[in-house]
Amino acid sequence: MPDARLGLSSHEAEQRLEHYGPNELGAVHRGGPLRQFLSRFSNPLVLVLLFASTLSAAVGDVTGAGIIAVIVLLSVTLDFVQEYRAERAAEALAARVALTAHVLRDGVVRELPFSAIVPGDVVLLAAGDLVPADGELIEARDVFVHQARLTGEPYPVEKQASAALPAAATEELTPDSASAVFLGSSVISGTARLLVLRTGPRTLLGRIAGTLQRPAPPTAFEMGTRQFGLLIMRFTAGLVLFVLLVNLLFERPLLESFLFAVALSVGLTPELLPMIVSVTLARGALRMAREKVIVKRLSAIQDLGAVDVLCTDKTGTLTEAKIRLERHVDIDGNESERVLELAYLNSFFETGLKSPLDEAILEHREINASSWRKIDEVPFDFDRRRVSVLLERDHQRVLVVKGAPEEILRLCAAYEATSGDTLPLDDAHRERAAALFEQLSSEGFRVLGIAWRATEPTRDHAGVSDESELVFAGFAAFLDPPKASAAGAIRALGESGVAVKVLTGDNEAVTRHVCAQLGLPVTGVLTGADIAHLSEEALQARAEECNLFCRLDPMQKNRVLSALKARGHVVAYLGDGINDAPSLHTADVGISVDTAVDVAKHAATLVLLQQDLGVLYAGIREGRRTFGNVMKYIMMATSSNFGNMFSMAGATLFLPFLPMLPMQILLNNLLYDFSEIPLPLDEVDEEDLRQPRRWDMRFVRDFMVRIGPISSIFDFLTFYLLLAWFAANETLFHTGWFVESMATQVLVIFVIRTRRNPFRSRPHPTLAAAAMAVVATAALLPFSPLAPYLGFAPLPPLFFVALAAILFSYLLLVEIAKQRFFHHQGLSAVH
């Protein structure tokens, strides 16, 4: 058993990590790069193509078989490299905000990631920490643990140190054990040392991970892209069956017809979509990191772009969180050193998570607490909204209570006058105290009530029942100035279609004062007391119109978020405290900060490295930019790509030969994929960043119906020119249409990528260069040494003149149709 003062040695910890494995639940082990690369070949379409290539080689077409195999290999490699780099970038970002614990190793306290903790480690715990593994407390001081995730009990449970060290990890640990704590629970107050007994899948949470670690439900964007994929697959299946049937009826070679149908399905399948989504999200995450926003789950970027309601606390977000204790007054409003002393003693001896108010009180180091000894504590909770400490000096014991003024006054039966006398707290003095509280609040002060009571000299335990018949000492009043950047960020968020709603535990007067200073108009106010009496339907209606929610407990915050979501809003929640964890789970996008407690950071999907609404505003714009670039690819796939494949299927009806060879279709697909790789780099027009962006399958379907057929019109025009003007044989037809197909399919990105006139919205230079390079490659291939192997022949110069006219007409018609489409959608194109 390790020494509780020294912990494990580094060597022993390494051995145990190798034996027990990392302390992780449900970790996805994808294997090394080679294994991931080979897994790409499990795609059914890839397997069919490789089988077809082998079959071609077996019947003597070794050249065609080799070209198909090379194209498939290049396509798979292209997809793998891009997505692998994106995954590594995302993992590196997530590691920046990984949860850590303070662990004793070699007698030194080290900050280690949860995954490095092994059985036998000694972990130091404090208020706000997540418990990193299962084990027993070997030291504990006023420790309360929230373990609702395991037991369902809503209130914190007190834990004590084990009477004797456990001999081994084989002993059964149960949540009702007074000394056992478990992975998945959090420390509400106190300090402790934990001897780790079980890690990873051997923990209690690990054994029931099948029910508690379910993957998050798919987001609207994930469901939308899935629906899009299914839509394209249905079209693919129909066209492939149609092509096979036509070729069989015309008694064309079976192997060639089969290869053509398979290649056609590859051309239609949006196989690049997962890679485009992954790379775009990863690049979005990197750009957000530069804006000081770390993304823990990539899909949250899409959700952030769709957010139309931001719920946030006041302290640290709207205010500087540089709280100062400005006044400490008695019931008559006179400055009182007695109030300051009692407030200091309470904060000094409190073992719970120190709030900014505690830190402000403790700045007054002129108070000497050395003559006092702590006996016990009643930790803070969000139902009572107060904390009490039982102290002793000179054989006299006193309970010092600090908390929400309304709660403190309700529990008081007497007050301490300026003279030091203790007098009954009659109705007149209650009203005087309430009026003083309201005055301080209206002036922008955040206020705490301070009270005390003497107890029996022999009392060694304090409980909630002792918080009665108190003596009111006075108020501690704090100032937290509004954040200079908050007013501009709130205005920018409003202009971007994001409504800001303030959810706070503070009172209405203080919150109104801050909102007035920030220029945030108050449209309506709901207090926790109001919410307690509202039905879910009534709360939904009120939550829609109100933007100020005061004196809320954690569950009431959660109800507000659920009400807003029920009204169809995409809701983000910004919080950093223990009490924010439920709301961070409930929100569509949970946002915390790097300095937040572990519980909040664990629950959040985004972590701000700077607690500033301006940073969040930049993140929201990045989410919309990422969404916009993914939609560009989808709109491409539903227009020119789909149109070209439709033309290919239609051409089988009247051509005496296949309109394009299978290897040429695959080469077309490979070159097209290459041209779209820089799409995640592209900028998005300002008008597309001004409002929340949501997935709309109807929009995608309508765009496909309006724009897709235009491509087929010009394809059939090309067919006519090749056959009637150039008297093209099979090889020349394949070559001419391959070049025209590539040019129209790739260059239309310059029209589709923007609602504006294409000349007023410049693409990213890399995207433009890639597109032009691919078109140039397609035009030069027929004149290259590879032409005979690819089934190409040199094209006459006049063809390129006709091609230029076709391209100009096609792009012009698409631009006109695009503008009419957006006008019909209520999104007028910008010129």
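The values are calculated or read from the model by the stated rules, or taken from the named source; none is laboratory data. Just so you know, these numbers come straight off a predicted model, no measurement behind them. Here the Cβ is made from the backbone with ideal geometry for all residues, glycine too, and neighbour counts use every protein chain on show. SASA here: full protein model, heavy atoms, side chains in, ligands and nucleic acids out. Shrake-Rupley method; radii C 1.70, N 1.55, O 1.52, S 1.80 Å.
Only a single criterion out of (1) at pLDDT 70 or above; (2) assigned to a helix (DSSP H, G or I); (3) open to solvent by less than 60 Å² (accessible area, probe 1.4 Å) is not satisfied by Val196, namely (2). When the residues of segment 749-760 are filtered to those that are closer than 11 Å to Lys818 by Cα and of a type in the set (Val, Ile, Thr), the one that is surrounded by the most Cβ atoms within 10 Å (Cβ to Cβ) is Thr754.
Restricting the search to helices (runs of 4 or more DSSP H) fully inside segment 715-823 and requiring at least 1 residues that are of a type in the set (Ser, Thr, Tyr) gives 730-747, 765-780, 787-790. Checked against the criterion of being surrounded by fewer than 17 Cβ atoms within 10 Å (Cβ to Cβ) and either closer than 28 Å to Ala509 by Cα or in contact with a Gly (Cβ under 7 Å, 6 or more places away or on another chain) (or both), segment 386-402 contains not a single residue that satisfies it. Residues of segment 444-460 that are of a type in the set (D, E, K, R) and either buried (at least 24 other Cβ atoms within 10 Å of the Cβ) or in contact (Cβ under 8 Å) with a residue 60 or more places away in the chain (or both): Arg446, Arg459, Asp460. When each of Val615, Val589, Val630 is tested for being modelled with pLDDT of 80 or more, farther than 30 Å from Phe699 by Cβ and not basic (Lys, Arg), the lone residue that passes is Val615.
Of everything listed in (1) farther than 29 Å from Arg621 by Cα; (2) of a type outside the set (Gly, Ala, Ser); (3) modelled with pLDDT under 90, the single unmet condition for Arg755 is (1). Checking each residue of segment 581-595 against the condition of being of a type in the set (S, T, N, Q), surrounded by fewer than 22 Cβ atoms within 10 Å (Cβ to Cβ), closer than 30 Å to Leu318 by Cα and in contact (Cβ under 8 Å) with a residue 24 or more places away in the chain gives at least one match. Checked against the criteria, Phe699 counts as open to solvent by 10 Å² or more (accessible area, probe 1.4 Å) and either touching a Pro at 6+ places or on another chain (Cβ under 6 Å) or modelled with pLDDT under 90 (or both).
Identification of strands (runs of 3 or more DSSP E) wholly contained in segment 239-350 with 3 or more residues that are at pLDDT 80 or above and open to solvent by less than 10 Å² (accessible area, probe 1.4 Å) yields 293-295, 309-312. Restricting Ser741, Ser809, Ser784, Ser761 to residues that are hydroxyl-bearing (Ser, Thr, Tyr) and either free of Cβ contacts under 8 Å to residues at least 24 places away in the same chain or touching a strand residue (DSSP E or B) at 6+ places or on another chain (Cβ under 8 Å) (or both) narrows the list to Ser784. Residues in segment 511-568 that are part of a helix (DSSP H, G or I), touching a Gly at 6+ places or on another chain (Cβ under 8 Å) and polar (S, T, N, Q): Gln517, Gln556. So which of Gly206, Gly224, Gly210, Gly229 ends up being within 31 Å of the chain's Cα centre (by Cα) and at pLDDT 75 or above? Only one candidate qualifies: Gly206.
Can you tell me which of Leu679, Leu658, Leu608 is open to solvent by less than 10 Å² (accessible area, probe 1.4 Å) and touching a strand residue (DSSP E or B) at 6+ places or on another chain (Cβ under 9 Å)? Of Leu679, Leu658, Leu608, the one residue that is open to solvent by less than 10 Å² (accessible area, probe 1.4 Å) and touching a strand residue (DSSP E or B) at 6+ places or on another chain (Cβ under 9 Å) is Leu608. Taking the conditions exactly as written (outside any helix (DSSP H, G or I), touching a helix residue (DSSP H, G or I) at 6+ places or on another chain (Cβ under 8 Å) and not hydrophobic (A, V, I, L, M, F, W, C)), does Ser441 satisfy them or not? The answer is no for Ser441.
Among the residues of segment 370-385, the ones that are open to solvent by less than 70 Å² (accessible area, probe 1.4 Å), over 16 Å from Leu399 (Cβ atoms) and free of Cβ contacts under 8 Å to residues at least 40 places away in the same chain come to 1 in all. Among the residues of segment 462-478, those that are more than 11 Å from Val401 (Cβ to Cβ) and crowded, with 18+ Cβ neighbours inside 10 Å comprise Gly474, Phe475, Ala476, Ala477, Phe478. Scanning segment 527-554 for residues that are open to solvent by 60 Å² or more (accessible area, probe 1.4 Å) and touching a residue at least 24 places away in the same chain (Cβ under 8 Å) yields Ala532, Glu536. How many of the residues in segment 774-792 are surrounded by fewer than 19 Cβ atoms within 10 Å (Cβ to Cβ) and in contact with a helix residue (DSSP H, G or I) (Cβ under 8 Å, 6 or more places away or on another chain)? Residues in segment 774-792 being surrounded by fewer than 19 Cβ atoms within 10 Å (Cβ to Cβ) and in contact with a helix residue (DSSP H, G or I) (Cβ under 8 Å, 6 or more places away or on another chain): 4 in total.
Considering only residues in segment 351-369 that are over 19 Å from Thr455 (Cβ atoms) and over 41 Å from the mean Cα position of the chain (by Cα), the one that is least open to solvent (accessible area, probe 1.4 Å) turns out to be Ile367. Would you call Pro482 within 25 Å of Ile361 (Cα to Cα), surrounded by fewer than 22 Cβ atoms within 10 Å (Cβ to Cβ) and not acidic (Asp, Glu)? Judged against the criteria, Pro482 is a match.
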